[in-house]
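Enquirer: Submitted below is the structure of interest, expressed as structure tokens.
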Amino acid sequence: MATTVRAPGAVLDRAQAVRWREAWSAVMEGFVPHLASLEETLCRVAETVRGRKPGRVLDLGGGPGLLAERMARRWPNAVVTLMDIDPVLLALARGALADQVRSLEGDLSTQGWVDRAGGGYDLITVVMTLHYLPPVQVRAFYDDARRHLAPGGLLIVADLMPDEGLPSLMSALDPAPDGAAAELAWAQWWNDIGEVEELRPLLAQRAAIFENRLPAEFSASGSWHATAAREAGFDEAGILWRCGRHAALAAVA
């Protein structure tokens, strides 16, 4: 008998949610080359900065919860919280993860997420999300994230961060991903998921949320992000991973 999970506005079959999340993972790999390498680097750095495994983790803009799930499995004693604005992706996360990961609705473009998230986190991650925000909101995000971290806590931001200097080894070896193919896969995923009857109420909610919300498509160098983090009060900030145009910044509170 199939296991079902009730998410707000939908009742999902767990196996179905898992399949859609696996397909989402394949789509994201088209946008971010060597995504597995990024996630492994992120986790190793999170374990070494404080000298112990994180106890409280917040994954912002975490979509259907793939990274949150991997962190929860790697650190079984940690309390991992996922936050996203998209009701469809949150339903997939809740359908597949059940009690493994706490999930919250939150919009990083407003101050509302600050109160919902709480504080005292050892690690905050935000992967391929900040480019949706304009520069002024990205700067505000760094300030908010700093206040949500425990002393010595770590923020990791991964996104499009063009390299200002010489290309890294991975940059030289890996050309830019095929953007057209990635966009086509993205569109096909959403087209296919539109056929899932259980998700149609949430798809209507999603359409209302994004109807007048255009992504900023903001892209700045790693040094811009590092400066923004330091101005927000982080003690240290620098690039920990790079592949072509994509990079991850680590900032220590």
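The values are calculated or read from the model by the stated rules, or taken from the named source; none is laboratory data. Keep in mind it's a predicted model, so treat the numbers as computed, not measured. As a convention, Cβ positions derive from the backbone with ideal geometry for all residues, glycine included, and neighbour counts pool all protein chains shown.
Enquirer: Among the residues of region 36-49, are any more than 24 Å from Glu105 (Cα to Cα), part of a loop (DSSP other than H, G, I, E, B) and modelled with pLDDT of 90 or more?
Expert: Checked region 36-49: no residue is more than 24 Å from Glu105 (Cα to Cα), part of a loop (DSSP other than H, G, I, E, B) and modelled with pLDDT of 90 or more.
Enquirer: Turning to a different aspect of this structure: Out of (1) surrounded by 20 or more Cβ atoms within 10 Å (Cβ to Cβ); (2) at pLDDT below 90; (3) in contact with a strand residue (DSSP E or B) (Cβ under 9 Å, 6 or more places away or on another chain), what's the single condition that is false for Ile156?
Expert: With respect to (1) surrounded by 20 or more Cβ atoms within 10 Å (Cβ to Cβ); (2) at pLDDT below 90; (3) in contact with a strand residue (DSSP E or B) (Cβ under 9 Å, 6 or more places away or on another chain), Ile156 is out only on (2).
Enquirer: Examine region 71-81 for a residue that is surrounded by fewer than 19 Cβ atoms within 10 Å (Cβ to Cβ), under 28 Å from Ala140 (Cα atoms) and under 17 Å from the mean Cα position of the chain (by Cα), and state whether such a residue exists.
Expert: Yes, some residue in region 71-81 is surrounded by fewer than 19 Cβ atoms within 10 Å (Cβ to Cβ), under 28 Å from Ala140 (Cα atoms) and under 17 Å from the mean Cα position of the chain (by Cα).
Enquirer: With the checklist (1) in contact (Cβ under 8 Å) with a residue 12 or more places away in the chain; (2) under 24 Å from Ile209 (Cβ atoms) in hand, flag the one item Gly120 doesn't pass.
Expert: Just one mismatch for Gly120, condition (2).
Enquirer: Quick check: is even one residue across region 227-245 in contact with a Pro (Cβ under 7 Å, 6 or more places away or on another chain), of a type outside the set (S, T, N, Q) and under 20 Å from Gly61 (Cβ atoms)?
Expert: yes
Enquirer: So, of the residues in region 159-195 that are at pLDDT below 90, surrounded by fewer than 13 Cβ atoms within 10 Å (Cβ to Cβ) and not small (Gly, Ala, Ser), which turns out to be nearest to Ala237 (Cα to Cα)?
Expert: Restricting to residues being at pLDDT below 90, surrounded by fewer than 13 Cβ atoms within 10 Å (Cβ to Cβ) and not small (Gly, Ala, Ser), the top hit is Glu164.
Enquirer: In addition: Of all residues in region 71-117, which are of a type in the set (Ser, Thr, Tyr) and under 22 Å from Ala36 (Cα atoms)?
Expert: Quick first cut of region 71-117, residues of a type in the set (Ser, Thr, Tyr) only: 81, 103, 109-110.
Within region 71-117, Thr81 is the sole residue that qualifies.
Enquirer: Taking region 98-133, which residues are surrounded by 13 or more Cβ atoms within 10 Å (Cβ to Cβ), part of a loop (DSSP other than H, G, I, E, B) and out of contact with any helix residue (DSSP H, G or I) (no Cβ under 8 Å at 6 or more places or on another chain)?
Expert: Thr129
Enquirer: Here's another thing I want to ask about it. What pairs come up if the first residue lies in region 137-166 and is over 16 Å from Asp59 (Cβ atoms) and assigned to a helix (DSSP H, G or I), the second is of a type in the set (S, T, N, Q) and modelled with pLDDT under 95, and their beta carbons are under 6 Å apart, counting only those six or more places apart or on different chains?
Expert: Gln137/Ser109
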